[in-house]
Amino acid sequence: MGKKVKKESETPCKETFEPLPVEGKTPATVVLLLSSPEEDILVKACEAIHAFAEKGDENKVSVLGLGALAPLCHLINHNNKLVRRNAVMALGIMATNSDVKNALKKLDVIPSIIDKLSLEEDVVVHEFATLCLASLSVDFICKVQIFDNKGLPPLIQLLSSPDPDVQKNSIEIIFNLVQVTQPREGYNLMDILSNTVVLIKMRSKNLSVSSTSSCYLCFYFLQDLSDLNAEALQVVANCLSDSESFQLIHKGGGLTRLMEFILTPNVSEIQSNAVKCIAKVAQSSENRKLLHEENVEKVLVELLSVADVSVKTATCQAVDAMSFHLASKDSFRDLGGIPAVVQLLNDESLVLKEAATQALSNLTHSNQLNTFAVYEAGGHEILVQQLYGSCPRTVANSAATLGIMAGQEVIRCSILSHGAVQALVEPLKSTNTQVLVNTTQCLAVLACDAEARAELQSAGGLQPLVNLLHSYHKEVLHNVCLAISVCASNEPTAVEMCKFGALEMLQEINQSVNRRSSFSELALISLLNSNLSVKYSLTSHLASSDIISDGFYDAGKVCVCVYATESFVKQKESDDKQKDETQPESPTEKPWKMMDDVSLQLLVKEAKKSILPLSDERGQYAVLARLVSEAMGGAVEMEKLHEFPWVLHLSELKFQLQSNVVPIGLIRRGIYCHRALLFKCLVDSIGMSCTLVRGEYNRAWNEVLLLSGNPSSNGRSSQPCCYIVDLMHQPGSLLKANTSAAVQYQTI
């Protein structure tokens with residue numbers, strides 16, 4: 001520390017010295033300067049002590065030992081504002097030390113400090129004066145001195161100070177004062193509470209010690225202040241989600257007082273705001289546990305039947321919040337709370353309906369018994385009607401609850417019987433994200449029922465569902481894909497969705513790094529599985545579980561289409577020159593009818609007759625392979641494959657039929673792709689199993705799984721191996737996959 005000191009002449013003289021700098025390097029020197037008559041020196045000395053004491057408790061104790069406390073207590077009343085301000089700053093910072101605080105209690109300094117709370121003083125003076133009183137106010141004797149010196153009124157005024165530190169210190173002083181003793185007569189308790197309310201309003205979004213204490217003060221002064229109770233409870237609710245605040249209030253009996261307000265009859269606003277406090281408290285899992293131990297569910301269930309809408313609305317919100325506690329869900333059911341909430345769905349108030357649907361959504365989540373309780377109360381029927389409502393949140397909550405309930409088959413059937421699918425169509429067109437999330441999720445569950453899928457199609461719901469594939473919202477897109485995958489189990493529904501562009505959009509989504517997911521992949525696979533013609537066209541692969549049936553055709557890379565209609569399979573090969581321009585090109589178009597493929601029917605009959613009696617599975621495939629080969633021109637040597645007249649033969653058939661669509665049974669000269677398709681058709685017809693895989697340049701083949709070798713020594717069968725069935729060169733031969741022979745068969 002260093003200070004400039006103006007040295008005075010020891011003998012009276014009209015002349016004075018020029019300012020003379022004097023360096024003070026030790027705390028002792030600066031403390032001595034506190035007795036100087038020079039105001040400039042006092043300003044700088046107080047400033048230096050404040051800076052020194054601010055560095056830590058050791059410095060505070062050091063300055064105390066040097067005797068700085070008494071002159072500082074004197075200087076806080078100095079006429080010079082700067083001296084007064086710096087002295088208060090130094091005293092305030094020193095008072096935070098326990099030794100200094102004990103020394104201050106022996107001095108009659110509290111009246112002087114209270115004087116510094118005047119609104120005429122600088123805000124910095126307010127800050128450090130209240131800081132000093134905050135330290136002293138924890139002592140009982142100091143509390144009495146503050147009251148006796150009328151310290152409470154200026155503290156109440158400072159609750160509205162623009163400075164947050166002044167607010168904090170003031171509320172802590174008041175908090176300390178009222179914890180032990182009631183304010184004496186002559187103090188306006190309403191002023192204390194109203195100013196506390198103002199403070200909470202200003203600081204409700206930024207919880208601190210002051211707002212925590214404020215909440216406690218509100219509860220403390222709520223007695224006999226009925227005209228301000230409602231507002232006080234409203235602002236208290238803003239802080240009670242903080243666990244620290246609630247713990248403090250709970251320990252002080254605040255929760256008991258809160259319950260009293262909840263049960264206060266004929267004062268609906270107080271009841272409503274008290275219940276809102278419960279809802280705020282219940283935001284914390286720890287608080288929910290405490291509330292459950294206090295049997296808050298019983299009180300809330302009673303309030304569900306009161307007349308006032310605002311009370312019932314607040315109660316539903318509290319029920320919703322408490323339902324995150326598993327035990328509370330059961331309590332609400334056991335106390336009859338669920339039918340009471342269901343009845344509120346019939347109320348005219350949109351706000352109450354929204355709160356009630358939200359409560360039901362949470363009550364039923366992961367709780368089967370509550371789900372059935374809503375069902376038994378007829379809640380599902382009313383919830384279906386809520387889907388037609390104008391409030392997006394109510395629609396979203398209703399859809400969420402119905403989706404949960406529909407997980408139970410008996411409830412799902414009842415939900416569907418009340419027109420749920422029709423009611424969900426309009427929400428599918430909503431622009432509200434939560435409505436879309438919950439609606440599509442509900443639809444995915446309901447669409448497990450075949451009648452629901454047909455109803456969705458007839459109600460015009462497929463197009464808005466498919467349109468939602470344009471969404472970039474992750475959860476919406478996931479749910480839409482899930483709903484589409486469920487709906488696609490019906491072939492007519494799948495075809496309809498393809499008409500609306502579902503296939504193209506899903507392909508685009510699955511090519512996107514950001515949008516693709518297991519849900520979009522499932523949706524695409526489900527669509528393809530319901531339309532094997534499209535699946536084979538796009539993927540060039542049919543699994544053994546993909547059973548060829550009526551209506552199948554192959555729109556392959558060489559535009560070969562094979563149809564299976566009215567129990568027969570037909571094939572066409574076309575090129576751009578010969579193709580009929582009126583012929584639908586889309587693989588999703590329904591094919592036109594043709595003459596019965598009698599030859600194919602005879603092949604199926606022959607296959608059943610010659611193959612099924614055989615006991616050896618390997619032999620069954622071999623015999624069937626030879627049957628296919630004989631039907632399509634017999635074996636062809638690899639070297640003479642180019643001489644095989646299959647192209648000419650197909651051209652003649654098309655000319656003869658005057659159609660580009662050729663029944664596959666009529667083909668007598670067939671290449672790899674024709675034989676593999678016929679083999680797959682016959683295998684599926686007689687209940688055997690194989691795949692169909694398309695390669696390049698008219699190549700196609702069938703894969704079968706067969707056990708290789710004898711059972712192992714422990715009696716277990718060996719693992720099955722994959723074989724390629726030779727239909728072309730050595731019909732009936734089974735070529736082990738990935739061997740040179742198999743690779744040669746699959747390629748040129």
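So which residues in the stretch 668-690 are in contact with a Cys (Cβ under 9 Å, 6 or more places away or on another chain) and among the β-branched types (V, I, T)? Passing the criteria: only V683.
Of all residues in the stretch 132-148, those being open to solvent by 20 Å² or more (accessible area, probe 1.4 Å) and in a loop (DSSP other than H, G, I, E, B) number 2.
Considering the stretch 29-43, the residues that are free of Cβ contacts under 8 Å to residues at least 40 places away in the same chain and β-branched (V, I, T) include one that is most open to solvent (accessible area, probe 1.4 Å), namely T29.
With open to solvent by 40 Å² or more (accessible area, probe 1.4 Å), in a strand (DSSP E or B) and more than 19 Å from S540 (Cβ to Cβ) as the only criterion, which of L705, L735 stands out?
Values: L735 fails: open to solvent by 40 Å² or more (accessible area, probe 1.4 Å).
Of the residues listed, the single one that is open to solvent by 40 Å² or more (accessible area, probe 1.4 Å), in a strand (DSSP E or B) and more than 19 Å from S540 (Cβ to Cβ) is L705.
Among the residues of the stretch 497-513, just one is touching a helix residue (DSSP H, G or I) at 6+ places or on another chain (Cβ under 6 Å), surrounded by fewer than 19 Cβ atoms within 10 Å (Cβ to Cβ) and either basic (K, R) or in contact (Cβ under 8 Å) with a residue 24 or more places away in the chain (or both), namely F500. Inside the stretch 239-295, residues that are modelled with pLDDT of 75 or more, among the basic types (K, R) and more than 31 Å from the chain's Cα centre (by Cα) make up a count of 0. Looking across the stretch 111-131, the residues that are among the hydroxyl-bearing types (S, T, Y) and surrounded by fewer than 24 Cβ atoms within 10 Å (Cβ to Cβ) come down to S112, S118. Restricted to the stretch 629-664, and to residues there that are touching a strand residue (DSSP E or B) at 6+ places or on another chain (Cβ under 7 Å) and assigned to a helix (DSSP H, G or I), the residue that is farthest from L612 (Cα to Cα) is K654. When the stretch 151-163 is filtered for residues that are assigned to a helix (DSSP H, G or I) and among the hydrophobic types (A, V, I, L, M, F, W, C), the ones remaining, listed by number, are L152, L155, I156, L158. Among the residues of the stretch 514-529, are any of a type outside the set (A, V, I, L, M), crowded, with 23+ Cβ neighbours inside 10 Å and in contact with a helix residue (DSSP H, G or I) (Cβ under 9 Å, 6 or more places away or on another chain)? Yes, some residue in the stretch 514-529 is of a type outside the set (A, V, I, L, M), crowded, with 23+ Cβ neighbours inside 10 Å and in contact with a helix residue (DSSP H, G or I) (Cβ under 9 Å, 6 or more places away or on another chain). For the stretch 52-79, enumerate the residues that are in contact (Cβ under 8 Å) with a residue 12 or more places away in the chain, open to solvent by 40 Å² or more (accessible area, probe 1.4 Å) and more than 14 Å from L104 (Cα to Cα). Within the stretch 52-79, F52, E54, D57, S62, L66, N77, H78 meet the criteria. Of all residues in the stretch 411-432, none satisfies being open to solvent by 40 Å² or more (accessible area, probe 1.4 Å), of a type in the set (G, A, S) and either in contact with a strand residue (DSSP E or B) (Cβ under 7 Å, 6 or more places away or on another chain) or touching a residue at least 24 places away in the same chain (Cβ under 8 Å) (or both).
Looking only at residues that are of a type in the set (S, T, N, Q) and surrounded by 15 or more Cβ atoms within 10 Å (Cβ to Cβ) in the stretch 611-633, which one is nearest to L727 (Cα to Cα)?
The initial filter retains those residues of the stretch 611-633 that are of a type in the set (S, T, N, Q), namely 615, 620, 629.
Retained after the next criterion (residues that are surrounded by 15 or more Cβ atoms within 10 Å (Cβ to Cβ)): 620, 629.
Values: Q620: 14, S629: 6 Å.
Going through the qualifying residues, I end up with S629.
Scoring F372 on the criteria (1) over 25 Å from A454 (Cα atoms); (2) surrounded by 23 or more Cβ atoms within 10 Å (Cβ to Cβ) leaves a single failure, condition (2). Regarding the stretch 646-665, can at least one residue be identified that is at pLDDT 95 or above, more than 57 Å from the chain's Cα centre (by Cα) and hydroxyl-bearing (S, T, Y)? Within the stretch 646-665 (the criterion being at pLDDT 95 or above, more than 57 Å from the chain's Cα centre (by Cα) and hydroxyl-bearing (S, T, Y)), the answer is no, since none of the residues qualifies. Of the residues contained in the stretch 310-324, one or more are found to be of a type in the set (V, I, T), part of a helix (DSSP H, G or I), modelled with pLDDT under 95 and surrounded by 20 or more Cβ atoms within 10 Å (Cβ to Cβ).
Looking only at the stretch 665-676, filter to residues that are closer than 30 Å to L706 by Cα and part of a helix (DSSP H, G or I); which one of those is most open to solvent (accessible area, probe 1.4 Å)? My answer is C673. Could you go through the stretch 479-486 and let me know if any residue there is open to solvent by 30 Å² or more (accessible area, probe 1.4 Å), at pLDDT 95 or above, at negative phi and part of a loop (DSSP other than H, G, I, E, B). Taking every residue of the stretch 479-486 in turn, none turns out to be open to solvent by 30 Å² or more (accessible area, probe 1.4 Å), at pLDDT 95 or above, at negative phi and part of a loop (DSSP other than H, G, I, E, B).
Can you confirm whether the stretch 25-41 contains a residue that is among the aliphatic types (A, V, I, L, M) and closer than 28 Å to S161 by Cβ? Looking for residues that are among the aliphatic types (A, V, I, L, M) and closer than 28 Å to S161 by Cβ, one finds none in the stretch 25-41, hence no. Of the residues in the stretch 164-177, none is free of Cβ contacts under 8 Å to residues at least 40 places away in the same chain, part of a loop (DSSP other than H, G, I, E, B) and either over 22 Å from S35 (Cβ atoms) or open to solvent by 60 Å² or more (accessible area, probe 1.4 Å) (or both). The set of residues from the stretch 392-410 being surrounded by fewer than 16 Cβ atoms within 10 Å (Cβ to Cβ) and of a type in the set (A, V, I, L, M, F, W, C) comprises just one member, V410.
Right, V301: in contact with a Gly (Cβ under 6 Å, 6 or more places away or on another chain), modelled with pLDDT of 95 or more and open to solvent by less than 30 Å² (accessible area, probe 1.4 Å) or not?
Values: in contact with a Gly (Cβ under 6 Å, 6 or more places away or on another chain): yes; modelled with pLDDT of 95 or more: yes; open to solvent by less than 30 Å² (accessible area, probe 1.4 Å): yes.
Spelling it out, V301 is indeed in contact with a Gly (Cβ under 6 Å, 6 or more places away or on another chain), modelled with pLDDT of 95 or more and open to solvent by less than 30 Å² (accessible area, probe 1.4 Å).
Beta carbons closer than 7 Å, at least 6 apart along the sequence or on distinct chains, pair a first residue in the stretch 724-745 that is more than 14 Å from R626 (Cα to Cα) and among the aromatic types (F, W, Y) with a second that is open to solvent by less than 30 Å² (accessible area, probe 1.4 Å) and part of a loop (DSSP other than H, G, I, E, B) for Y745/D726. Considering the stretch 434-456, the residues that are open to solvent by 60 Å² or more (accessible area, probe 1.4 Å) and not charged (D, E, K, R) include one that is farthest from T394 (Cα to Cα), namely C448. Restricting attention to the stretch 84-113, the residues that are outside any loop (DSSP other than H, G, I, E, B) and in contact with a Lys or Arg (Cβ under 7 Å, 6 or more places away or on another chain) total 3.
The values are calculated or read from the model by the stated rules, or taken from the named source; none is laboratory data. Remember, it's a predicted structure, so these values are computed and weren't measured experimentally. As a convention, Cβ positions derive from the backbone with ideal geometry for all residues, glycine included, and neighbour counts pool all protein chains shown. Note: accessible area is taken over every heavy atom of the protein model, side chains too, but ligands, DNA and RNA are not part of it. Shrake-Rupley method; radii C 1.70, N 1.55, O 1.52, S 1.80 Å.
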